[in-house]
Amino acid sequence: MTPSATDTAGPLAIYRRMQEAVVHGEGADATLLPADLLAEDCLIETPFAPAGMRRYEGREAWLSYYRARGAGLLVDFEDFRELATYRTGDPEVIVVEYELTGTVTATGVRASVTCIAVLGVQDGLIRHWREYQDIPAITDALTRQPDDRDDASAPAQ
């Protein structure tokens, strides 16, 4: 039995490719949202991010931002732990919970952050990504110095 188009290019398959991209990419290539998975007219939203960094309309808008200021330039991602994946009533949409662990390249601080996201896929490409990030954990990881904790290698909670 061969897999259906939904199985090979549906949201779960795309999500698995996203996981690989973030852990195996380097620098600007370490992104959950690689260019080859994004629809030209995709919408990327991070509602809890600082003002001016919450909405990107179109693949080029996202890539321009990420190449200049993305997390892959600041963090060497080491692990992507899937916490839960939920199917929705729409076969092209899933909700995912995950934890990213990595080391901040400038300081050597190792930390983790938990996120929840909604992934919408159409024709095998990401049409919509809305990610709810733990902004305090991200801020702590990016600003903490290695000696700010007894054990700087412990993931942030």
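A few points about this structure:
- For ALA13 and GLU97, a Förster radius of 25 Å and the Cβ-Cβ distance give a FRET efficiency of 0.85, rounded to the nearest 0.05.
- Backbone amide hydrogens, once placed in the peptide plane, bring CYS42 within less than 5 Å of GLY58, ARG59, excluding anything fewer than 5 places away on its chain.
- Its Cα centre serving as origin, region 1-130 has a Cβ charge dipole (Lys and Arg +1, Asp and Glu -1) of approximately 320 debye.
- Seen from a random direction on average, the alpha-carbon convex hull of region 33-80 projects onto 3.9 square nanometres.
- Set of region 17-47 residues, backbone N closer than 20 Å to the point 7 Å along the Cα-Cβ line of GLN122: 33-46
- Overall, the accessible surface of the chain at a probe of 1.4 angstrom is composed of carbon and sulfur to the extent of 51 percent.
- Highest mobility in the GNM of the chain, judged by mean-square fluctuation with C-alpha springs under 10 Å and restricted to GLN133, GLN19, GLN145, is found for GLN145.
- Length-normalised contact order for region 1-147 - Cα pairs under 8 Å, 6+ apart - percent: 24 percent
- Residue-averaged 222 nm ellipticity for the chain, from DSSP H runs of 4+ at -39500 (n - 2.57), nearest 500: -7000 deg cm²/dmol
- In Å², nearest 10: area of THR101 left accessible to a 1.4 Å probe: 10 Å²
- Note on region 21-153: along the principal axes its Cα atoms extend 47, 30, 29 Å, ordered by decreasing extent.
- Computed over protein heavy atoms with a 1.4 Å probe, the accessible surface of the chain works out to 54 Å² per residue.
The values are calculated or read from the model by the stated rules, or taken from the named source; none is laboratory data. Predicted model, so just to flag it, every value in this text is computed and none were measured. Don't worry about glycine lacking a Cβ; one is built from the backbone with ideal geometry, like all the others, and counts go over all protein chains shown. In case anyone asks, the SASA skips ligands and DNA or RNA and just uses the protein heavy atoms, side chains included. Shrake-Rupley method; radii C 1.70, N 1.55, O 1.52, S 1.80 Å.
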